Ligand code: GLU
């Protein structure tokens with residue numbers, strides 16, 4: 001497959017939520033940020049449902065997320081694909097890596113790995129398992145760096161910090177890293193905009209792209225919203241679902257959290273008008289260049305504009 005420079009292809013970005021629950025403010029930030037950057041570049045913005053992990057999936061969450069995004073005026077420009085329906089593509093990529101000896105079956109159990117330091121560098125399995133995992137070999141000295149659109153240069157020793165990456169889990173489910181790399185390439189995304197909690201995953205994804213001969217898109221990791229104590233949102237008020245019946249206050253707070261001046265948005269009107277203005281007024285250089293931003297106030301409060 002040819003690795004055309006990203007600049008030669010028209011911008012296509014995406015938002016790829018996992019249906020593990022309703023969208024919260026952190027998800028809205030990633031959705032709106034990726035949408036604004038796509039519109040600013042005159043490009044497309046697609047949504048992908050990452051329903052790869054049935055044990056963690058909440059029934060109905062995918063449809064609810066799509067309905068919530070629509071209520072916020074964020075509608076996919078392309079077909080909404082579901083990863084649960086794309087196993088054939090993942091299998092083809094896996095077969096290619098197995099044939100070339102870049103991937104291997106791994107019979108190690110969780111406890112054996114934990115005893116060996118938790119990161120897989122070589123198999124330590126005492127016995128063969130009926131359903132082994134499949135891993136990508138990550139050799140010594142696999143140091144991968146890239147220029148993040150917001151966080152600057154980021155580098156990771158993938159061998160030391162991640163070890164051999166799981167591609168298919170021992171329970172038979174596809175691993176996120178394989179599915180995301182295959183889909184980002186198959187769907188022609190030039191730009192990946194997502195939360196900084198995934199910054200750590202990007203070097204292993206680039207390593208996997210290289211192993212599969214796929215192009216590397218541009219990456220931009222938006223700050224992660226944290227609560228007052230610097231904790232991820234999961235246990236704070238900001239982890240509450242965003243209110244699809246009243247999208248404007250949360251959109252305004254998300255706009256401000258993306259470093260954009262509140263007074264540029266219309267004081268009244270609906271979602272469509274607000275987003276149109278937001279797309280025109282958005283200045284990427286104002287995005288906060290940090291990995292974490294505190295969530296300052298409940299986004300649905302009447303004074304939410306003040307944040
Ligand atoms: N599905 C992942 C999540 O919800 C995001 C994957 C990505 O943007 O690469 O955290």
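Quick one: helix 176-186 against the long Cα principal axis of the chain, what's the angle to the nearest 10°, folded into 0 to 90? Approximately 70 degrees, to the nearest ten. Where both bridge residues fall in the chain, DSSP classifies roughly 55% of the beta bridges as antiparallel.
Divide by every residue of the chain the summed helix terms, -39500 (n - 2.57) for each DSSP H run of at least 4, and state the resulting mean residue ellipticity at 222 nm, rounded to the nearest 500 deg cm²/dmol.
For the chain, the value works out to -9000 deg cm²/dmol.
For the chain, the longest principal axis of the C-alpha atoms and the axis of helix 202-212 are separated by about 50°. To the nearest ten degrees, helix 25-40 and the longest principal axis of the Cα atoms of the chain are 80 degrees apart. With the largest listed first and rounded to whole Å, the semi-axes of the equivalent ellipsoid of region 56-102 from the Cα gyration tensor are 32, 13, 8. Put simply, the Cα atoms of region 89-162 extend 45, 33, 19 Å along their principal axes, the longest span coming first. Please report the projected area of the chain's Cα convex hull averaged over all directions, in nm². About 16.4 nm², averaged over all directions. Across region 1-73, the fraction of Cα-Cα pairs farther apart than 16 Å, rounded to a whole number, is 54%. Spherically averaged projected area of the convex hull of Cα atoms, region 1-132: 11.5 nm². Once both labels are positioned 7 Å from their Cα atoms along Cα-to-Cβ, the gap between residue 71 and residue 210 label points is 4.5 nm. Our analysis of region 127-284 gives Rg over Rh at 1.06, with the two radii drawn from alpha carbon positions and Rh computed by the Kirkwood formula.
A straight line joining the Cα centroids of region 35-93 and region 241-298 runs 21 Å.
Every number here is computed from the coordinates shown, using simple stated rules; none is lab data. Just so it is clear, the structure is predicted and the values come from calculations on it, not from any experiment. When we count neighbours, we look across all protein chains shown, and the Cβ atoms used for this are built from the backbone with ideal geometry, even at glycine.
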